[in-house]
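No lab work stands behind these numbers, since they all come straight from the coordinates. Fair warning: this is a prediction, and the values are worked out from it, not measured in the lab. Note that we place each Cβ from the backbone using ideal geometry, even for glycine, and neighbour counts take in every protein chain shown.
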Amino acid sequence: MAATVIPFPTQRSAGAPRAPTVSRAHEPRLAGVAILKRWFRRWDARRSLGRDLPFMTDETLADVGLSRREALAEARRPFWQAGTHDAA
């Protein structure tokens with residue numbers, strides 16, 4: 001895995017400014033933060049979809065490939081549980 005560069009304020013010294021890098025000790029921590037961000041984005045998308053599904057028309061649900069019964073079941077499902085239509 002390549003090191004992620006985070007811009008840190010650099011202090012100008014007599015020489016050239018120091019290149020901002022992340023040490024290898026911080027890479028696993030940053031990878032964990034990235035995983036959590038993906039989980040929260042996915043959960044937010046599921047939560048907003050669950051709020052929107054009951055108000056969609058039958059034509060819109062047919063375009064998505066869901067029946068009214070499937071849409072209501074999907075809307076009742078907790079946002080942290082993946083459904084059958086979720087892409088991994």
A chain fully extended from residue 41 to residue 72 at 0.36 nm per residue, minus the present Cα-Cα distance, gains in nm 8.9 nm
For the pair residue 58 and residue 33, the simple spin-label estimate (label points 7 Å beyond Cα toward Cβ) gives in nm 5.0 nm
